[in-house]
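The values are calculated or read from the model by the stated rules, or taken from the named source; none is laboratory data. Bear in mind the structure is a predicted one, so any value in this text is a computation, not a measurement. Counting neighbours? That spans all protein chains shown, and the Cβs are built from the backbone with ideal geometry, glycine included. In case anyone asks, the SASA skips ligands and DNA or RNA and just uses the protein heavy atoms, side chains included. Shrake-Rupley method; radii C 1.70, N 1.55, O 1.52, S 1.80 Å.
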Amino acid sequence: GVHILQAHGRGVEEGGGGKWGVKKSDCLRFLLFSPQTFTAWCNSHLRKAGTQIENIEEDFRNGLKLMLLLEVISGERLPKPDKGKMRFHKIANVNKALDFISSKGVKLISIGAEEIVDGNVKMTLGMIWTIILRFAIQDISVEETSAKEGLLLWCQRKTAPYRNVNVQNFHISWKDGLALCALIHRHRPDLIDYSKLRKDDPVGNLNTAFEVAEKYLDIPKMLDADDIVNTPKPDEKAIMTYVSCFYHAFAGAEQAETAANRICKVLAVNQENEKLMEEYEKLASELLEWIRRTIPWLENRVAEQTMHAMQQKLEDFRDYRRVHKPPKVQEKCQLEINFNTLQTKLRLSNRPAFMPSEGKMVSDIANAWKGLEQVEKGYEEWLLTEIRRLERLDHLAEKFKQKSTLHESWTTGKEELLSQKDYESASLMEIRALMRKHEAFESDLAAHQDRVEQIAAIAQELNELDYYDAATINARCQGICDQWDNLGTLTQKRRESLERVEKLWETIDQLYLEFAKRAAPFNNWMDGAMEDLQDMFIVHSIEEIQSLITAHDQFKATIPEADKERMAIMGIHNEILKIAQTYGIKVVGENPYTVLSPQDISNKWEAVKQLVPMRDQMLQEEVARQQSNERLRRQFAAQANIIGPWIQIKMEEISHVSIDIVGSLEEQMSNLKTYEQNIINYKSNIDTLEGDHQLSQESLIFDNKHTNYTMEHVRVGWEQLLTTIARTINEVENQILTRDAKGISQEQLNEFRASFNHFDRKRNGMMDPDDFRACLISMGYDLGEVEFARIMTLVDPNNTGVVTFQAFIDFMTRETAETDTAEQVTASFKILASDKAYITVEELRRELPPEQAEYCISRMTKYNVGDAPPGALDYISFSSALYGESDL
């Protein structure tokens, strides 16, 4: 090529404020320099607008392509050009271009539009060089160096690993072509096999770089290989211009890669958080649904009618406590742990706090759980009360049946007997006998009055206790009472009849009468004794059975006296036989005054004597059973009195571990894990106690004076202990996560814990707002009401009225965290979108991995502003939504 200009000095100089300027005298120092480089550089930008230039000194004379070039390289709109072809139109257009250049801080001294319009090649080339410096080189920045120095540093860093390359300037360092090939190979190793290049083939190396850059990197050929090789010192400005194209080509790719990595990082965090949110929502929904289904079952207090059915209900409740509820306790605890971990991750990634769906807050679940435990609390007590009630009812019903059967057996035929009119045809002796017989019946009737009253009292108690077959009981009781009233009426009528007839008779056999009168009460006594000896009983303690044994011993003490009465009654009968034998009286038939015979008395007396040892055996068996129950009570109490205090001590020890400043967080975690393992290993003792409790309930033992701990107390304490250790471990894990994420030292954490513990007046691991204010003031904060209210919204976003240690740490370290912001993500998307206000689906899929690209496409809203193409997406609102500044 023919050199028209050759630069012997800087064609531009740095003006005031770091701006580039050019003087007319500088332009005159361009000698024998080829315009090929500038022409190619201009065309590399003009072709983006669909045009190019052929002759640099001619094609810019009308100012139109000059204005277009400035619009393309700056990305800004220039004033509308004049369309005329007159000289003043051209001058006006060139002035508009020069004014735009001046507005960018470039001072063009002594260069007017007329010189450009007149085709002054020196001034034209000087102007183009100024444009190249301003728009292609000035904005280059590498490690606090810019423009020429920044571009040189970039080249040195990129080519440092390559042999035979030592870039020290923009002239002779590029003559062998290896530096250009090294730049291409560093960024696109697939385009050049650097190992095959030779330092002794500079023309081949240069042409290889030119061809590859033009074909694959869209960088036009601006230099001539022969000119560079054959010139002792190649033109610095031409080399700088060409090399700057490589910087812009590769630096843009690096920025896109960095932007894509930033977006992937942000999206990965967001996806992980969304997954945790979905898992929380699912687990919360399932737990709330289980609570919703369980509460009506526990609220159903409709008692069963039989003992077996109620015992089955008790067994179902035991299965619920041992099998169904424990996993749900773990789920509830895990749900709280997941929620706290998610909130910590959101805070550390500068995301807004997670707000679960309505009704699924941790507090909502806690309230639902509290409601479950409230209805559960009285359910077992109700079951046991109902079982005791049914046991009592069964006992009373059986007792009612026995007494009713005895009474009905006694009353059988009594109404017919009282209705007879046998006295109308009887003799005097027979009349007297009938009268005495009736008196004996009245005595017997009075003796049975107590039994009828007992039957009525039992029936009334069965009704009061809501016995399921009360209708049958009432009907039978009513029949007995009606019959009893009728017997009383008939008895009274027969007495009146006999007394009326008795006046007609004078003699009666006194011995028969005395026998009848003494035999009837004795017979009633024996009936009562047999009834008592066969009476069923239910006791719940050794003292009660001892009371029954004492009563039985007292009864046995009366047997000798009763035997005397029996012998006296039998003596009356023997006296009758003796008189009859003595006086030759033939006794025909039975005693007319009573239905009881001496044989009846003897048989019943033998029956009473046989029942006494049977009663002894029953009482001794019950003594053995009560002694066994007492052993069960003592066995349960011995374990409960150990387990109850153990649980309380462990609760206090865990509380001290979380509050006291002892060792590092890892040591605290190790201690807590040890506690947790010890607690898990202790579960076998709880199971053993559960077994003893079940044996006690199966033996119908409902009280225990040897201990104040019930199984319910132990269960509640155990569940609280499991929940406390799990929550404490989660708090320490979150403290470790916060420490590692924010670079807090162990000494700082200990200082935070010391300050927190000092102002934790109640020693419950939380500070009241007043204590928190005092803590801040002690640390040097100057707090007004508004500022303190703002801080409280940070440490207590849910307005619980307390400040936890985790919230205290978050506040103390909030300003030191380095997190991504919505503005940084927006800037990254802008790079991927080539500075457009929107981004296309194709650009997202080209720059981002498939998963993140589809995530963005599915959530970005359409961009409908201006002349945006179909399918354009709004990445600005999407970036804001990632950080909670708008809806995603």
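Every condition in (1) buried (at least 16 other Cβ atoms within 10 Å of the Cβ); (2) not in a helix (DSSP H, G or I) is met by D535 except one, and the failing one is (1). Residues that are open to solvent by less than 60 Å² (accessible area, probe 1.4 Å), closer than 27 Å to K683 by Cβ and out of contact with any Phe, Trp or Tyr (no Cβ under 7 Å at 6 or more places or on another chain) occur in the stretch 356-367; there is at least one. Residues considered: S602, S597, S541, S547. Of these, the only one that is within 60 Å of the chain's Cα centre (by Cα) and at pLDDT 85 or above is S547.
Residues checked against (1) modelled with pLDDT of 80 or more; (2) more than 30 Å from A397 (Cα to Cα); (3) open to solvent by 50 Å² or more (accessible area, probe 1.4 Å):
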residue	(1), (2), (3)
E211	yes, yes, yes
D227	yes, yes, no
C245	yes, yes, no
G252	no, yes, no
C264	no, yes, no
E272	yes, yes, yes
K282	yes, yes, yes
L288	yes, yes, no
Q305	no, no, yes
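Among the criteria (1) touching a Ser or Thr at 6+ places or on another chain (Cβ under 7 Å); (2) assigned to a loop (DSSP other than H, G, I, E, B), the one K437 does not fulfil is (2). Taking the condition in contact with an Asp or Glu (Cβ under 8 Å, 6 or more places away or on another chain) and in the same structural domain as M567 (by the TED database), does N524 pass? Yes; evaluated as a whole, the condition is true for this residue. When M86 is evaluated against the numbered criteria (1) more than 60 Å from the chain's Cα centre (by Cα); (2) surrounded by 20 or more Cβ atoms within 10 Å (Cβ to Cβ); (3) at pLDDT 85 or above; (4) not acidic (D, E), which criterion, by number, is the only one it fails? Here M86 meets the rest and fails (2). When E386, E398 are screened for being part of a helix (DSSP H, G or I) and either in contact with a Pro (Cβ under 9 Å, 6 or more places away or on another chain) or surrounded by fewer than 13 Cβ atoms within 10 Å (Cβ to Cβ) (or both), only E398 passes.
Determine whether the stretch 451-465 contains at least one residue that is without any contact (Cβ under 8 Å) to a residue 12 or more places away in the chain and touching a helix residue (DSSP H, G or I) at 6+ places or on another chain (Cβ under 9 Å). Yes, that holds for at least one residue. Scanning the stretch 412-430 for residues that are at pLDDT 85 or above and either in the same structural domain as F537 (by the TED database) or hydroxyl-bearing (S, T, Y) (or both) yields T412, S419. Scanning the stretch 243-256 turns up no residue that is assigned to a helix (DSSP H, G or I), hydrophobic (A, V, I, L, M, F, W, C), without any contact (Cβ under 8 Å) to a residue 60 or more places away in the chain and touching a helix residue (DSSP H, G or I) at 6+ places or on another chain (Cβ under 7 Å).
Checked against (1) crowded, with 18+ Cβ neighbours inside 10 Å; (2) assigned to a loop (DSSP other than H, G, I, E, B), A459 passes all but a single condition, namely (2).
State which residue is least open to solvent (accessible area, probe 1.4 Å) when the search covers only the stretch 703-717 and only residues that are closer than 13 Å to A637 by Cα and not β-branched (V, I, T). Selected residue: M711. At pLDDT below 85 and either surrounded by 12 or more Cβ atoms within 10 Å (Cβ to Cβ) or out of contact with any Pro (no Cβ under 8 Å at 6 or more places or on another chain) (or both) - does that describe any residue in the stretch 559-572? Yes, the stretch 559-572 has at least one match. The residues on offer are S357, S363, and the sole one that is over 30 Å from L487 (Cβ atoms), assigned to a loop (DSSP other than H, G, I, E, B) and at pLDDT below 85 is S357. Scan T826, T793, T813 and give me the residue that is surrounded by 18 or more Cβ atoms within 10 Å (Cβ to Cβ), part of a helix (DSSP H, G or I) and not aliphatic (A, V, I, L, M). The conditions single out T813.
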